[in-house]
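Undergrad: Below you will find the structure I want to go over with you.
The values are calculated or read from the model by the stated rules, or taken from the named source; none is laboratory data. All of these numbers come straight from a predicted model, not from anything done at the bench. Positions of Cβ are backbone-derived with ideal geometry, glycine not excepted, and every protein chain shown enters the neighbour counts.
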Amino acid sequence: MRRKPIAGAVAAVLGALGAGSFTVAAEAGTRTAGPPGVHANLAIYLLKGRSAPGPVPLTLDEALAGGRVEVHETGNVRELKIENKGAEPVFVQWGEIVKGGRQDRVLTVSLVLGPHSGMVPIGAYCVEQGRWSARSGEDVARFASSDAILPSRETRFAIARPVAPFDAAAAAGVPEAPPARSPIEAELGAAARRDAGAALAREAVDRMRSRPDHQAEVWSNVAELQDKLSMRLAASVASERSKTSLQLSLENKRLQEAIATYTTALQGHLPPEGDDVVGIAVAIGGRIATADVYPSAALLRKMWPRLLRAAATEAVSRADEPSAEPPSPAAVEAFLAATAEGKASERVLGGLVRIETRESERGLRVVSTAARGGEVHIGYVAR
């Protein structure tokens, strides 16, 4: 029943992408890491590689702020809908938090939305437990902003891990067919089982949709992050507007001041010019945490302020933990290579983007590739 509008939206997106409005890089091979910029327990490594030429898409925060993109509530915790109403493509990254709706969410898919895309479904997890109504001054049907990337290695790991396929009939306990004593009995029995099985399957799907696969883990990680930040700052970061909202906690004034000590020290680590820096890797307390690689240096520069804030936020949360010397650039490169050798799983979302996830002893690598070819984003998360 829902396939036609979704297919139409996907066709619109693919048509727009085919018009050449944004060029994504082909598989670029090994990225090299430079010496880190270091402040306190945080080290930032610049990853160099081949940068794709051509126009650069808007980022999600730019597009939302300019009214070019709308993110819509669906009433399903695990799925939102996103629409690009503008004439420029828009880059969306998994791990981006969107604020508003019935609950703040974190997106689970990286993709490029073409101009005038129509409504496109996108996966999400809730990062605000308990609320299911509008906050004062916000639209319950839409998400107004996206100014943060998930600042937690553990939570990024949870939302990136693929989930096992859901067998609705099996989960609902649809009975096996008993031996039939006659052709008429077989036909009547099969019809009865089809009716009963369909009803049970629908109930199972409803239960599955109301109980997202890793949602409990995400909520637990968010609560732990809020507790750590509150302990480090000696003051609660929870907002009176919604104590469980991660986004509102990230807006806490005292936390913003702590983050600024890191960002002020490290923002100059990215040189003002250059077309070979296409990603960054983050180490906290001497341990590699995450890395992000983009098709072009220009897109990395657009994402840089939010990536740096996310890394600084996690560093603040771990400031009291034991720390060691930052890993060498060679160790960072070895981590990137090791995650590429993990066990692979793959999924295709509506013909729009192919997502390959590799899980190894070192961590996860998630490669998002456009349907017409070329990397959209590569995310790495260490164990």
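Undergrad: Of everything in the stretch 242-292 that's out of contact with any Phe, Trp or Tyr (no Cβ under 7 Å at 6 or more places or on another chain) and among the hydroxyl-bearing types (Ser, Thr, Tyr), which residue is nearest to residue 105 (Cα to Cα)?
TA: The extreme case among them is 245.
Undergrad: Okay, moving on. How many of the residues in the stretch 64-119 are buried (at least 23 other Cβ atoms within 10 Å of the Cβ), farther than 27 Å from residue 153 by Cα and of a type in the set (Asp, Glu)?
TA: 0
Undergrad: Residues to consider are 75, 100, 49; find the one that is touching a residue at least 24 places away in the same chain (Cβ under 8 Å), more than 23 Å from residue 301 (Cα to Cα), in contact with a strand residue (DSSP E or B) (Cβ under 7 Å, 6 or more places away or on another chain) and not polar (S, T, N, Q).
TA: Details: 75 fails: in contact with a strand residue (DSSP E or B) (Cβ under 7 Å, 6 or more places away or on another chain); 49 fails: more than 23 Å from residue 301 (Cα to Cα).
Selected residue: 100, the only one of 75, 100, 49 that is touching a residue at least 24 places away in the same chain (Cβ under 8 Å), more than 23 Å from residue 301 (Cα to Cα), in contact with a strand residue (DSSP E or B) (Cβ under 7 Å, 6 or more places away or on another chain) and not polar (S, T, N, Q).
Undergrad: If we scan the stretch 202-215, do we find a residue that is at pLDDT 95 or above and part of a loop (DSSP other than H, G, I, E, B)?
TA: No: zero hits.
Undergrad: Here is a further query. Scan (1) modelled with pLDDT of 95 or more; (2) touching a strand residue (DSSP E or B) at 6+ places or on another chain (Cβ under 8 Å); (3) not basic (Lys, Arg) for the single condition residue 40 breaks and write down its number.
TA: That leaves (2) as the condition not met.
Undergrad: Something else about it: What number goes with the only condition from (1) in contact with a Phe, Trp or Tyr (Cβ under 9 Å, 6 or more places away or on another chain); (2) outside any strand (DSSP E or B) that residue 50 does not pass?
TA: Going through (1) in contact with a Phe, Trp or Tyr (Cβ under 9 Å, 6 or more places away or on another chain); (2) outside any strand (DSSP E or B) one by one, residue 50 breaks only (1).
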